[in-house]
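The values are calculated or read from the model by the stated rules, or taken from the named source; none is laboratory data. Since the model is a prediction, treat every value here as computed from it, not as a measurement. Note that we place each Cβ from the backbone using ideal geometry, even for glycine, and neighbour counts take in every protein chain shown.
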Amino acid sequence: MKQKLNIGLFGFGVVGQGLYEVLKTSPAFDTEISKICVKNKKERSLPEEFFCYQPDDILNDPNINTVVELIDNAEEAYKIVKKALQNGKHVVSANKKMLAENLPEMIQLQKENKVSLLYEASACGSIPVIRNLEEYYDNDLLLSVTGILNGSSNYILSKIFDHNQSYDAALKDAQDLGFAESDPTFDVEGFDSLFKLIILTLHSFGSIIDPNDVLTYGISNISDFDIQYAREKRYKIKLVGQVERLEGNKITLFVLPRFVRKDKYIYSVEDEFNGVVIKGKAYDKQFMFGKGAGAHPTGSAVLSDITALAHNYAYEYKKMKYADNFEYSKEHKVELYLRYKDETVLEKFSFESITEEYKGPEYNYKIGYIRLADLLRIKDELRDLDIFMSITGASLNY
């Protein structure tokens, strides 16, 4: 049975406005936005009476039964979502950082207050990957989830490999078009992909992993040498997040650049698009593709959650209840490409075997197998070193 949703909206930026526009064209269910909470007064496309400036104007309003949180600040989002759930309101959120850092508490608050928190828009924009992992891939056949989870970094890499732009020129284009922020660290260093991967891991294997405990390395140190090496091998470089099931009820996960061959699905995922490959024992590989960002794609994902709420949908977190207790393993070995200048940097990397190496007048590289645990040991140093790392896609599992 449908319920009428009376919505309090936090944030009226790109996604908030996109949601409002999408709602106007979707008369499929009974809902309305009663109030919109924003930080500052300024000229907007809606009349002034729509807006309020104090969160409690929405959170303490007994007539509002649903909160849609679409703000950038993770700390403020946490306060808003927590109080909304405590006050017995359903919540839709797109804030992947807030969610990834607070999943255990968010799950408990839903249970205690008999409300639902949905967040499809937090992972891959318009791609309904969370709902599919939650409802369809709810068995022990799932082996891995691998994807391009960040549209900004993918846009930059597409311009590099498809249009021969330099990293700096591609980044500026992404910023000019609004795909990357003036400070692009969150995207290009892999943190956006990391928080999405944490959420996908929960709905894939029922495991909640601390984001601080996951190897994450981005693309900001990429050089012309690395790009040329990839081209010579007929690869593209993609920033990829992956969670994989290993033997013995173990999983491993990481966010790293990867050399991608033409025969891989994600090779053709370009510009600001996302692509997710779901691999299983019986169904082999299934591929989901779509826009990962933007006003209307993200707004449509938020709308999907609102529609689900109207039909009393809630995540059941079934895999946390009955799935095998998966252990997060850092002993997984990956084949790593390491480009460097100063040979002393090699002292930090504990390669267990070498498959290829090169020494040149300006740059050198080694390719070999290394444990994730050994990379995690130096993860806080990696971005400050004059290096670039990428995995080849080959791996050895314990």
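Do you know which of the residues in region 277-312 that are under 29 Å from ASP72 (Cβ atoms) and hydroxyl-bearing (Ser, Thr, Tyr) is surrounded by the most Cβ atoms within 10 Å (Cβ to Cβ)? Step by step, filter region 277-312, then rank; the result is THR298.
Starting from residues that are of a type outside the set (D, E, K, R) and under 19 Å from LYS291 (Cβ atoms), keep the ones in region 160-183 and report whichever is modelled with the highest pLDDT.
So the residue we want is ALA170.
If you go through region 111-159 and keep only what is on the phi > 0 side of the Ramachandran plot and at pLDDT below 95, you end up with just GLY125. Residues in region 83-102 include none that are in a loop (DSSP other than H, G, I, E, B), closer than 17 Å to ALA308 by Cβ and polar (S, T, N, Q). Residues that are over 12 Å from LEU9 (Cα atoms), within 20 Å of the chain's Cα centre (by Cα) and not assigned by TED's automatic domain parsing to the domain that holds ASP192 occur in region 52-73; there is at least one.
Put simply, of ILE219, ILE227 the only residue that is of a type in the set (A, V, I, L, M) and buried (at least 23 other Cβ atoms within 10 Å of the Cβ) is ILE219.
Scanning for something at pLDDT 95 or above and among the aliphatic types (A, V, I, L, M), does region 320-327 turn up at least one residue? Checked against the condition, which is being at pLDDT 95 or above and among the aliphatic types (A, V, I, L, M), region 320-327 yields no hits at all. Looking at region 302-389, the strands (runs of 3 or more DSSP E) lying wholly inside it that each contain 3 or more residues that are more than 25 Å from PRO211 (Cβ to Cβ) and touching a strand residue (DSSP E or B) at 6+ places or on another chain (Cβ under 6 Å) sit at 353-359, 364-371.
Just checking, does region 161-169 include any residue being touching a Leu at 6+ places or on another chain (Cβ under 8 Å), of a type in the set (A, V, I, L, M) and in the same structural domain as ASN249 (by TED's automatic domain parsing)? Within region 161-169, not a single residue is touching a Leu at 6+ places or on another chain (Cβ under 8 Å), of a type in the set (A, V, I, L, M) and in the same structural domain as ASN249 (by TED's automatic domain parsing). For region 177-198, a residue qualifies if it is surrounded by 23 or more Cβ atoms within 10 Å (Cβ to Cβ) and in a helix (DSSP H, G or I), and the qualifying residues are ASP187, VAL188, ASP192, SER193, LEU194, PHE195, LYS196, LEU197, ILE198. When we screen PHE10, PHE29 for residues that are more than 21 Å from LEU202 (Cβ to Cβ), of a type outside the set (Gly, Ala, Ser) and modelled with pLDDT under 95, the only hit is PHE29.
Taking the listed residues PHE351, PHE326, PHE388, the one that is surrounded by 14 or more Cβ atoms within 10 Å (Cβ to Cβ), farther than 30 Å from GLY206 by Cα and within 25 Å of the chain's Cα centre (by Cα) is PHE388, with no other qualifying. If you filter region 229-283 down to residues that are touching a strand residue (DSSP E or B) at 6+ places or on another chain (Cβ under 8 Å) and of a type in the set (Asp, Glu), you find that the one that is modelled with the highest pLDDT is GLU244.
Of all residues in region 50-76, those satisfying the criterion of being surrounded by 16 or more Cβ atoms within 10 Å (Cβ to Cβ), closer than 22 Å to LEU103 by Cα and free of Cβ contacts under 8 Å to residues at least 40 places away in the same chain are ALA74, GLU76. The set of residues in region 264-301 that are touching a residue at least 40 places away in the same chain (Cβ under 8 Å), assigned to a strand (DSSP E or B) and not aliphatic (A, V, I, L, M) comprises PHE273, ASN274, GLY275, LYS279, GLY280, PHE289, GLY290, LYS291.
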